[in-house]
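Trainee: Just passing along the structure, written as structure tokens.
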Amino acid sequence: FLTISRCALSSEDVLSKDAGECAICLEELQQGDTIARLPCLCIYHKCIDEWFEVNRSCPEHPSD
């Protein structure tokens, strides 16, 4: 079971191309959006910060 600490997130990144839907806020991930990239390479809007206030794993890989 892999847990992810806040410091494990890469620095803020800007999305270079559209990437579908954010699994947390369900809004489209669009080119130019500020995103957070997790060690598992999943990407989310900055709404991931709120997710990590109550969860310690990637929303798409909870058992990793």
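The values are calculated or read from the model by the stated rules, or taken from the named source; none is laboratory data. Keep in mind that what you see is a predicted model, and the values were worked out from it rather than measured. No Cβ is skipped: glycine too gets one built from the backbone with ideal geometry, and neighbour counts run over all protein chains shown.
Trainee: Across the range 18-64, which residue is surrounded by the most Cβ atoms within 10 Å (Cβ to Cβ) among those that are assigned to a loop (DSSP other than H, G, I, E, B), among the small types (Gly, Ala, Ser) and touching a strand residue (DSSP E or B) at 6+ places or on another chain (Cβ under 8 Å)?
Mentor: Ranking the candidates gives 23 first.
Trainee: Out of the residues in the range 1-17 meeting the condition of being of a type in the set (A, V, I, L, M, F, W, C) and surrounded by 10 or more Cβ atoms within 10 Å (Cβ to Cβ), tell me which one is modelled with the lowest pLDDT. Walk me through how you get there before you give the answer.
Mentor: First, the residues of the range 1-17 that are of a type in the set (A, V, I, L, M, F, W, C): 1-2, 4, 7-9, 14-15.
Checking the rest, the ones that are also surrounded by 10 or more Cβ atoms within 10 Å (Cβ to Cβ) come to 2, 4, 8-9, 15.
On the way: 2: 42, 4: 46, 8: 45, 9: 46, 15: 88.
Selected residue: 2.
Trainee: In the range 23-35, what residues are hydrophobic (A, V, I, L, M, F, W, C) and either more than 8 Å from the chain's Cα centre (by Cα) or at pLDDT below 90 (or both)?
Mentor: 23, 24, 25, 26, 29
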